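Below is one structure, written out as structure tokens; comments come after it.
The values are calculated or read from the model by the stated rules, or taken from the named source; none is laboratory data. Given the structure is predicted, the values throughout are model-derived calculations rather than measurements. Neighbour counts are summed over all protein chains in view; Cβ atoms, including those assigned to glycine, are modelled from backbone coordinates with ideal geometry.
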Ligand code: F6R
């Protein structure tokens with residue numbers, strides 16, 4: 001695992017975007033695994049800037065998002081479909097047929113899960129998966145206790161995750177109770193993983209994450225330890241509680 005320390009969320013966005021756009025230029029038909037939430041906003045902004053300034057093209061790129069709320073569709077502004085449109089898709093030359101977000105409105109959700117894993121396989125697997133981390137160590141919507149070998153599946157969100165995401169909804173009770181998420185098994189099949197962590201409210205999770213020397217189910221992000229190509233970009237606030245823990249991580 002490689003740890004890149006940056007000053008703040010802005011620098012994090014610049015660094016993460018440059019790693020992603022380098023890959024896009026190197027492999028113009030790459031499969032990018034994308035995340036939503038607060039942390040990647042600057043990353044997407046810098047990707048859009050790079051697209052305009054340097055003409056980095058996404059015409060042959062394929063993307064697969066990590067997750068979506070069950071019950072929310074493209075037209076719902078809180079859906080992850082809508083988030084991706086608002087922050088990235090509408091600004092770049094990625095054809096609509098080439099971006100994929102799990103279908104939280106499918107009538108047969110189990111089937112939608114199986115279809116999503118098959119889609120990823122058909123695309124040739126994920127070249128780079130972008131991840132954020134929850135305060136309880138979740139990745140995607142894989143909450144503590146999740147299996148590390150499971151594929152895309154339906155999860156019941158924990159109260160802490162619903163509370164953390166309530167900021168985007170007009171009423172806390174509007175946060176959906178379930179989501180469809182790539183499983184940790186799906187995530188670990190990605191050839192490269194880029195975990196971005198920012199802010200004081202992630203400091204405790206970051207400290208814990210760096211303490212693990214082997215994967216343990218009570219902290220989903222610890223699954224990444226078993227992956228051969230993980231880069232973590234974290235800012236000063238996120239690393240503010242990690243002292244000793246970050247020594248020994250290759251830089
Ligand atoms: C988002 C996702 C989540 C977030 C995590 C951190 O697609 O799967 O795991 O990455 O909850 O969210 P933020 O960045 O809002 O702190």
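Of everything in region 182-204 that is within 9 Å of the ligand (Cβ to nearest atom) and farther than 21 Å from residue 152 by Cα, the residue that is surrounded by the fewest Cβ atoms within 10 Å (Cβ to Cβ) is 201.
Taking region 18-40 as the range and being within 16 Å of the ligand (Cβ to nearest atom) and touching a strand residue (DSSP E or B) at 6+ places or on another chain (Cβ under 8 Å) as the test, the residues that pass are 20, 32, 33, 34, 35, 36, 39, 40. Of all the criteria given as (1) more than 12 Å from the ligand (Cβ to nearest atom); (2) more than 16 Å from residue 36 (Cα to Cα); (3) modelled with pLDDT under 95; (4) surrounded by 14 or more Cβ atoms within 10 Å (Cβ to Cβ), the one not satisfied by residue 169 is (2).
Can you name every residue in region 166-196 that is within 26 Å of residue 11 (Cα to Cα), touching a residue at least 60 places away in the same chain (Cβ under 8 Å) and part of a helix (DSSP H, G or I)? Full working, then the answer.
If we filter region 166-196 for residues that are within 26 Å of residue 11 (Cα to Cα), which is where we start, we get 167-168, 187, 190-196.
Add one more test, that the residue is touching a residue at least 60 places away in the same chain (Cβ under 8 Å), and what stays is 168, 187, 190-196.
If the condition is that a residue be within 26 Å of residue 11 (Cα to Cα), touching a residue at least 60 places away in the same chain (Cβ under 8 Å) and part of a helix (DSSP H, G or I), then 168, 187 are the ones that fit.
Of the candidates 68, 11, 42, the single residue that is free of Cβ contacts under 8 Å to residues at least 60 places away in the same chain and either in a helix (DSSP H, G or I) or crowded, with 22+ Cβ neighbours inside 10 Å (or both) is 42. Looking across region 104-156, the residues that are within 17 Å of residue 36 (Cβ to Cβ), near the ligand (Cβ under 10 Å from one of its atoms) and not in a strand (DSSP E or B) come down to 132, 133, 134, 135, 138, 140, 141, 143.
Restricted to region 100-112, and to residues there that are touching a strand residue (DSSP E or B) at 6+ places or on another chain (Cβ under 6 Å) and in contact (Cβ under 8 Å) with a residue 40 or more places away in the chain, the residue that is surrounded by the fewest Cβ atoms within 10 Å (Cβ to Cβ) is 109.
Selection within region 113-126: residues that are within 17 Å of the chain's Cα centre (by Cα) and surrounded by fewer than 21 Cβ atoms within 10 Å (Cβ to Cβ). The member of this set that is farthest from residue 59 (Cα to Cα) is 117.
Report yes if residue 176 is modelled with pLDDT under 95 and either within 10 Å of the ligand (Cβ to nearest atom) or over 18 Å from the mean Cα position of the chain (by Cα) (or both), otherwise no. Don't jump to the end; show me each part of the working.
Working: modelled with pLDDT under 95: no; either within 10 Å of the ligand (Cβ to nearest atom) or over 18 Å from the mean Cα position of the chain (by Cα) (or both): yes.
Considered against the rule, which asks whether it is modelled with pLDDT under 95 and either within 10 Å of the ligand (Cβ to nearest atom) or over 18 Å from the mean Cα position of the chain (by Cα) (or both), residue 176 comes out as no.
Is it the case, given these coordinates, that residue 221 is at pLDDT 95 or above, surrounded by 13 or more Cβ atoms within 10 Å (Cβ to Cβ) and closer than 30 Å to residue 106 by Cβ? Talk me through it step by step, then tell me what you get.
Numbers: at pLDDT 95 or above: yes; surrounded by 13 or more Cβ atoms within 10 Å (Cβ to Cβ): yes; closer than 30 Å to residue 106 by Cβ: yes.
When the stated conditions are applied, residue 221 passes them.
In the condition set (1) within 16 Å of the ligand (Cβ to nearest atom); (2) in contact with a strand residue (DSSP E or B) (Cβ under 7 Å, 6 or more places away or on another chain); (3) closer than 29 Å to residue 21 by Cβ, residue 87 is compliant with all but (2). The residues in region 24-34 that are crowded, with 17+ Cβ neighbours inside 10 Å, touching a residue at least 60 places away in the same chain (Cβ under 8 Å) and not in a strand (DSSP E or B) can be counted, and the count is 1.
Only residues that are closer than 16 Å to residue 139 by Cβ and part of a helix (DSSP H, G or I): list them for region 205-237, please. Before you say what the answer is, go through the steps one by one.
To start, the set of residues in region 205-237 that are closer than 16 Å to residue 139 by Cβ comprises 205-206, 208-210, 212, 215-227, 229-234.
If the condition is that a residue be closer than 16 Å to residue 139 by Cβ and part of a helix (DSSP H, G or I), then 205, 206, 208, 209, 210, 220, 221, 222, 223, 224, 225, 226 are the ones that fit.
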